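The values are calculated or read from the model by the stated rules, or taken from the named source; none is laboratory data. Remember, predicted model here, so these are calculated numbers, not experimental data. Cβ coordinates were reconstructed from backbone atoms using ideal geometry, including for glycine residues, and neighbour counts include every protein chain displayed.
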Amino acid sequence: MFLLSTRVIGSYLFELVITFFQFVNSIEFFKIFMQYGLLVLAIQILLSKLKHNQDQKLKETEKNNTKEIQREAFYRTQNGDELKKIVTEFTLVITDPHKFGKAKSIGNKKITEKDNKQHVIDTMNLLVIYGSEEAILIAGILMQLTYRIVAENYKDTSKEQKTKDTWTQYWLAAELVSQLKSDYTGIKIEPMDIIKLKINDLSDQEQADKFKIGKNIAEDLIGNEKKKRK
């Protein structure tokens, strides 16, 4: 009886194995394998991609954090008075344009044109030392416009063009001061908030139109300069 049962079980297992291999060799198994196999493969690829993206974001975050720490460490060790001089000088373009690029009088000494030129050179030197790539780019555009405005033949320029240049100068200065502030302190200030120090009434349509024209020209100048460097 026991021997018979063993034979029956053995025969059943043998048929089961045969059936399994027949199924494995069947088209139906191939279809199921392809469906689920491709699904598993797709999931593995997706998980691998997600992990890669997470690793990249983590590396980028670590890189940015390192840069921020380096920036803070650099400016913390610098002469605060020199940093203040740079920001103050370019803020004058907006708040008191006639004083921009002018040396300060010490005692009874009369300021000469040579003194003013040296003052500008000293300011540019400090900017190159302490300014970021973005700040120097904007400053270069601003100074090119300023040199044109103070040139001898500028008096022949039309009133309309002079107005455009003035407001473009304001906006470039605001962009620069905003960038310098970010470089030195990490504090982000919108250029528009700086411009508001100059504009009496933004609701005045004439003022608003001048501001908009200057803003558009300044942004185009900055954008075009960046494109040249790519």
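Among the residues making up the stretch 168-188, those that are among the β-branched types (Val, Ile, Thr) and either at positive phi or at pLDDT 90 or above (or both) are THR168, VAL177.
Among what's in the stretch 208-230 and is over 19 Å from THR163 (Cβ atoms) and among the charged types (D, E, K, R), pick the residue that is surrounded by the most Cβ atoms within 10 Å (Cβ to Cβ).
Keep residues of the stretch 208-230 that are over 19 Å from THR163 (Cβ atoms), which gives 222-230.
Then drop every residue that is not among the charged types (D, E, K, R), which leaves 225-230.
Values: GLU225: 14, LYS226: 11, LYS227: 8, LYS228: 6, ARG229: 7, LYS230: 4.
Per the stated criteria, the residue is GLU225.
Entry remark, the stretch 102-124: residues being over 23 Å from GLU82 (Cβ atoms) and surrounded by fewer than 10 Cβ atoms within 10 Å (Cβ to Cβ) number 3 in total.
Examine the stretch 198-211 for a residue that is within 20 Å of GLU89 (Cα to Cα) and of a type in the set (D, E, K, R), and state whether such a residue exists. There is at least one residue in the stretch 198-211 that is within 20 Å of GLU89 (Cα to Cα) and of a type in the set (D, E, K, R).
Listed by first and then second residue, the pairs with beta-carbon distance under 7 Å, at least 6 apart or on different chains, first residue in the stretch 188-215 and closer than 14 Å to GLU175 by Cα, second assigned to a loop (DSSP other than H, G, I, E, B), are PHE211/ILE199. For GLN205, are the conditions met, namely being over 30 Å from GLY80 (Cβ atoms) and either buried (at least 19 other Cβ atoms within 10 Å of the Cβ) or in the same structural domain as GLU134 (by TED's automatic domain parsing) (or both)? Yes: the conditions hold for GLN205.
Within the stretch 125-147, the residues that satisfy the criterion of being surrounded by 15 or more Cβ atoms within 10 Å (Cβ to Cβ) and over 23 Å from the mean Cα position of the chain (by Cα) are LEU145, THR146.
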